[in-house]
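Worksheet for the structure shown next.
The values are calculated or read from the model by the stated rules, or taken from the named source; none is laboratory data. Keep in mind that what you see is a predicted model, and the values were worked out from it rather than measured. Cβ coordinates were reconstructed from backbone atoms using ideal geometry, including for glycine residues, and neighbour counts include every protein chain displayed.
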Amino acid sequence: MGPLKNKDSLLVLWGLTGIFFFSYIYVQSGRLADSFYGLGIYSLSWGGYFFYAYQRDKKLAEKIRQEGLGDYAGQGLLEEALVEEIHKAEKRNLDQENQFLQDREKRANYLLRWSHQIKIPMTAILAWLDAQGIQDKNPRFQVFKIQEYIDHILSYQRLQGRDTDYVFQWLPLKDPLQKALRTYAALFIHKGLRVQMDLPEVEVLSDAKWLLFFTKQWLSNVVKYTQTGGLTISFQEGKLIFQDTGIGIAPEDLPRVTDMGYTGFSGRKFDQSTGIGLYLMKEVAENLNLVMTLESQVGQGTRLTLSFPKQAYKMSH
């Protein structure tokens, strides 16, 4: 900031004028000692100026770092111009951020309206199937998948917002798990998959809605990628464990399966993965202050572990 902004030009100017000053004194006095003495005085004056400019700019920079610009208007033409440009840049950034937030809110409102509107034909399809006495489960499962995708979109939108509605409270861990299992019960039965839940009486400090979303998303994955066997759910030493007998995750895919849009070998093979489900689960787990880990062996199954902090669970007696 200040004159030091053009220090290279000033150094060149100092050098040229120094040479001129040195030569002029020598021509006038004819003695080198006078020339060197004059050059020393000249250099000290410039040195004092550089030191003063450095200290002034240092104080100004420190003030801006600690207090911000506020109403500071600058001292001198160069500083005034610089401060004015910074104020303009801050205003532009603020305007852009406000516009971004407004656009995001518009998109969120549109998606919300769209999700409610699309449920109307989905409900009509189910009603028509009932009216026609059609017992085939496949059309109903396809409608269920559409609902899953809608939930993905809405959950992703909510997670991107600053005002995501997390409500932490003590709740029985089995409540969201049982609710999620009831949602997917028909799919497990249709594929002949068993579910065994062995939970102690435990309460967790969490958000019921988002914990339910997390569980439903994982059950959806288990149903997709498990052909025989099923799922075991247990709780040990603060860890909620889901162990399935599915196709497993390839070792090279395991570090990346929670990345946004990553489908991996299993997703490409079965053409059922959107690459968003595990990403949403990871985001939800982090927002719930939980640690999510995955262990898997191809052809043997996958173990999902959700670890609760010690202060976030308590055993009921």
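Residues to consider are I134, I150, I146, I118; find the one that is more than 25 Å from K310 (Cα to Cα) and assigned to a loop (DSSP other than H, G, I, E, B).
Every option except I134 fails the conditions.
Within the stretch 223-231, is there a residue that is part of a strand (DSSP E or B) and within 22 Å of Y184 (Cα to Cα)?
Looking for residues that are part of a strand (DSSP E or B) and within 22 Å of Y184 (Cα to Cα), one finds at least one in the stretch 223-231, hence yes.
If you go through the stretch 193-212, how many residues are in a strand (DSSP E or B) and surrounded by 16 or more Cβ atoms within 10 Å (Cβ to Cβ)?
Qualifying residue count for the region: 6.
Which members of the stretch 165-192 meet the condition of being over 16 Å from T215 (Cβ atoms) and either assigned to a helix (DSSP H, G or I) or hydrophobic (A, V, I, L, M, F, W, C) (or both)?
Residues satisfying the conditions are V167, F168, W170, A186, I189, H190.
Does I233 meet the test of being surrounded by fewer than 20 Cβ atoms within 10 Å (Cβ to Cβ), in the same structural domain as E295 (by TED's automatic domain parsing) and not charged (D, E, K, R)?
No: the conditions fail for I233.
Within the stretch 112-132, identify whether any single residue is touching a residue at least 40 places away in the same chain (Cβ under 8 Å), of a type outside the set (V, I, T), within 30 Å of F100 (Cα to Cα) and loosely packed, with under 15 Cβ neighbours inside 10 Å, and answer yes or no.
yes
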